[in-house]
Amino acid sequence: MSAIATVDNPLLKGQGLPPFADIQPEHVVSAMTQLLAELESELANLEANVTPTWSGLVEPIDRLSERLRWSWGIVGHLMGVKNSPELRTAYETVQPQVVEFYNKFSQSQPLYAAFKALRASETWNTLVDAQKRIVEAAIRDAELSGVGLAGEQRDRFNAIQLELAELTTKFSNNVLDATKAFSLTLTSPDEVEGLPPSWLSLAAQAARAAGEEKATPEIGPWRVTLDFPSYLPFMQHGKRRDLREKLYRAFISRASSGDLDNTPLIEKILQLRREKANLLGFNSYAELSLASKMAPSVDAVETLSEELRRASYDAAKQDLEDLRTFAASKGAPEGSNLQHWDIAFWAERQREEKFAFSAEELRPYFPLPQVLNGLFTLVNKLFGVTVTAADGQAPVWHEDVRYFQIADETGEAIAYFYLDPYSRPAEKRGGAWMDDCIGRAKLTTHEGTVATRKPVAYLVCNQTPPVDGKPSLMTFNEVETLFHEFGHGLQHMLTKVDDAGAAGINNVEWDAVELPSQFMENWCYHRETLMGMAKHYETGETLPEHYYQKLIAARNYMSGSAMLRQLHFGLVDLELHHRYQPGGMETASDVRQRIAKTTTVLPPLPEDAFLCSFGHIFAGGYAAGYYSYKWAEVLSADAFGAFEEAGLDNPQALTETGKRFRNTVLALGGSQHPMDVFKSFRGREPSTEPLLRHSGLAA
Ligand SMILES: [Zn+2]
């Protein structure tokens, strides 16, 4: 690698705003290869000379990981928003080396030993709380990755890790293959009766891709598959009950027989996870999982789940009763005996009748510029910060991307963010997310002056782009998504923590990280906020009151059923990773059926093999962590509850409560345990009452 190439490679700049205009896919491999070589030698050097002090251990680690994060973070970001075959090839070329480096780094014995020495040294008590948490998390994470094991135990641990990686990959491949292996080709119009035009287009396109060259949305044939965008609308709108049943049965038996059977993999995965947990000194994998989460114990999660279960069970039962009555009133012969394949269908019919509006009707009231205005007005009122456009002050990766500045009460800029709002299917990943472009940190320069690096966030959404000269008109759901991601962004941008490792969302426990995001969603239903921004883009007319009432009512439609469903998955996950003994008398499927007795109102069919496709826990990051969805929701609802108690119509009370929220939840980030942060804001431990009340389930 020539010196000139280094100077010219924009991916090696290593600090400041990414020079997006200059970065090309061909920079990736050379930049990362060179960077990793340099970091390897820096790591070796650090391992040889490390001293167990903040400046001799954590600061050099921060510098090292920041260089990797800066360059590789940009590549990862571009993979999400400006994907291309060239970029993907480059990414795949260097990714294994990056992963290998991360592993070496996180399993470094000398660094682990230095962290332990720092923890035991006299200087420990000179560290501030944030620094102590960073050190403790580093020790914990290293131990959870097996660094504290020696000899045979270490070999066994590594062998388990390897086998688990293979098994979970195989699990997820089996689900994919089994999903792909099934399809129905429908040829007569009565078979697709009830399905919306968007689905007919999708199904005709799928048929064409499968060789039915002449397939059209109007006359078919139509191909229905078990992919969610095909499956779900069919279950919701397809009038042919026999076909729904066929699809449903195929769906719940995915990856449960033949070559693609995940049953033995489930046993093996659970057994290896238990063994791994035991090697690390835990009684169960659930205990291992909770060691790095906010929830203090399996007991605590079960207690919370049980409380929510009791509150939602009767409501879910009533939901089913209501649905039966509704179906019967519409003349459905199955009305009194609804089966699994009828629920989504009748729930949609009932929803249409009850709320009688479509997501499309609300779009004209939510043009993006007005929604942003409403959002920025809200955060100004709550948190005292001012958001202003700063377009042109930062290079962007696409002309639609905007750049904003956040200033505090004194007018001083404290953070910035990019907003990439629109869907671009050809190059941008689906979904919405917030990501860290630059993290806050207090840095000492070579000359000895101290400067604060200001945080910068990426906010990425996938909403409808502007068409025909109109602004981007958003669905209410897209508005909620924007508020949600902005909540993550606020925690990243309004942090006051000076140590990079605990600033913003860094070092925040997995089951607490959705607190600020879900909290912000609540404001979409706040009358003043909603009515302040929902104005017709042509006439300026405020959203009619009946729509507002319907939005409020629709929010809790069948909420008992929805909550019970999440609790069912969470409790099955926990039981399998805590008490379940693989190879015993009870199978994993038996466990699920047993838990279903108290967590479902329409029990699963005896042949239901849902676990065989439960990728969240067998192939994703949610093992003994599925409960996090509800855990974080309790926190976010209770946080919003503080504003309700203060008075949603009382500007001064909102400002005071907002300031407290900013100084605790948003400012403290990962510098304190999330329970302590929550208590500083709320003055007590979390209560489930606000979540139950918001869901219409309060006693
Ligand atoms: Zn989120």
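The values are calculated or read from the model by the stated rules, or taken from the named source; none is laboratory data. Because the structure is predicted, anything quoted here is derived from the model rather than measured. We place every Cβ from the backbone using ideal geometry, glycine too, and count neighbours over all the protein chains shown. Side chains are part of the model used for accessible areas, which takes the heavy atoms of the whole protein and leaves out ligands, DNA and RNA. Shrake-Rupley method; radii C 1.70, N 1.55, O 1.52, S 1.80 Å.
A few points about this structure:
- Identification of helices (runs of 4 or more DSSP H) wholly contained in the range 284-359 with 3 or more residues that are touching a helix residue (DSSP H, G or I) at 6+ places or on another chain (Cβ under 9 Å), at pLDDT below 95 and open to solvent by 50 Å² or more (accessible area, probe 1.4 Å) yields 340-355.
- Qualifying residue in the range 16-33 (condition: free of Cβ contacts under 8 Å to residues at least 40 places away in the same chain, touching an Asp or Glu at 6+ places or on another chain (Cβ under 7 Å) and assigned to a helix (DSSP H, G or I)): no
- Spans of strands (runs of 3 or more DSSP E) in the range 378-486 with at least 1 residues open to solvent by 40 Å² or more (accessible area, probe 1.4 Å) and more than 16 Å from the ligand (Cβ to nearest atom): 386-389, 402-407, 413-422, 441-444, 450-453
- For the range 401-428, a residue qualifies if it is within 18 Å of Ile23 (Cβ to Cβ) and out of contact with any Lys or Arg (no Cβ under 6 Å at 6 or more places or on another chain), and the qualifying residues are Val401, Tyr403, Tyr418, Asp420, Arg424, Lys428.
- Residue satisfying all of: in the range 177-219; within 33 Å of the chain's Cα centre (by Cα) and open to solvent by 90 Å² or more (accessible area, probe 1.4 Å); farthest from Leu260 (Cα to Cα) among these: Pro197
- Residue match in the range 522-538 (condition: under 30 Å from Val450 (Cβ atoms), within 16 Å of the ligand (Cβ to nearest atom) and in contact with a helix residue (DSSP H, G or I) (Cβ under 8 Å, 6 or more places away or on another chain)): no
- Residue check, Leu543 open to solvent by less than 40 Å² (accessible area, probe 1.4 Å) and touching a Cys at 6+ places or on another chain (Cβ under 8 Å): no
- Test for Thr495: is it hydroxyl-bearing (Ser, Thr, Tyr), more than 14 Å from the ligand (Cβ to nearest atom) and either surrounded by fewer than 18 Cβ atoms within 10 Å (Cβ to Cβ) or in a loop (DSSP other than H, G, I, E, B) (or both): yes
- Residue within the range 579-587 that is modelled with pLDDT of 95 or more and within 16 Å of the ligand (Cβ to nearest atom) present: no
- So Tyr313, is it closer than 30 Å to Ala553 by Cβ and hydroxyl-bearing (Ser, Thr, Tyr): yes
- Residue pairs meeting the criteria (Cβ under 7 Å; at least 6 apart or on separate chains; first hydrophobic (A, V, I, L, M, F, W, C), in the range 469-486; second within 15 Å of the ligand (Cβ to nearest atom) and open to solvent by 30 Å² or more (accessible area, probe 1.4 Å)): Phe483/Glu521
- If you go through the range 155-168 and keep only what is open to solvent by 50 Å² or more (accessible area, probe 1.4 Å), modelled with pLDDT under 95 and in contact with a helix residue (DSSP H, G or I) (Cβ under 9 Å, 6 or more places away or on another chain), you end up with Gln161, Glu163.
- All positions within the range 509-527 that are closer than 17 Å to Ala457 by Cα, of a type outside the set (Asp, Glu) and surrounded by fewer than 24 Cβ atoms within 10 Å (Cβ to Cβ): Val513, Ser517
- Verdict on Ala562 being part of a helix (DSSP H, G or I), away from the ligand (no atom under 16 Å from the Cβ) and touching a residue at least 24 places away in the same chain (Cβ under 8 Å): no
- Single residue of Arg254, Arg249 found to be in a helix (DSSP H, G or I) and modelled with pLDDT of 95 or more: Arg249
- Some residue of the range 588-599 being under 30 Å from Ile134 (Cα atoms) and crowded, with 22+ Cβ neighbours inside 10 Å: no
- Complete set of residues in the range 71-99 that are over 22 Å from the mean Cα position of the chain (by Cα) and open to solvent by less than 30 Å² (accessible area, probe 1.4 Å): Ser71, Ser84, Leu87, Ala90, Val94, Val98
- Members of the range 664-699 that are over 20 Å from Tyr629 (Cα atoms) and of a type in the set (Gly, Ala, Ser): Ala667, Ser671, Ser680, Gly683, Ala699
- Cross-chain or 6+ apart pairs with Cβ under 6 Å, the range 145-166 first and more than 15 Å from Leu270 (Cα to Cα), then open to solvent by 40 Å² or more (accessible area, probe 1.4 Å) and not in a helix (DSSP H, G or I): Ser145/Gln107; Val147/Gln107
- Residue that is nearest to Val665 (Cα to Cα), among those in the range 679-699 that are out of contact with any Asp or Glu (no Cβ under 7 Å at 6 or more places or on another chain), open to solvent by 70 Å² or more (accessible area, probe 1.4 Å) and not in a loop (DSSP other than H, G, I, E, B): Glu689
- Flag if Leu118 is closer than 30 Å to Leu11 by Cα and touching a residue at least 40 places away in the same chain (Cβ under 8 Å): no
- In summary, Gly504 fulfils each of the numbered conditions (1) within 16 Å of the ligand (Cβ to nearest atom); (2) open to solvent by 10 Å² or more (accessible area, probe 1.4 Å); (3) of a type outside the set (Phe, Trp, Tyr); (4) at positive phi with the single exception of condition (2).
- The range 100-128, residues that are open to solvent by less than 70 Å² (accessible area, probe 1.4 Å) and either within 30 Å of Val28 (Cα to Cα) or outside any helix (DSSP H, G or I) (or both): Phe101, Phe105, Ser106, Gln107, Ser108, Leu111, Ser121, Leu127
- Conditions (1) without any contact (Cβ under 8 Å) to a residue 24 or more places away in the chain; (2) closer than 26 Å to Asn522 by Cα: number failed by Asp299: (2)
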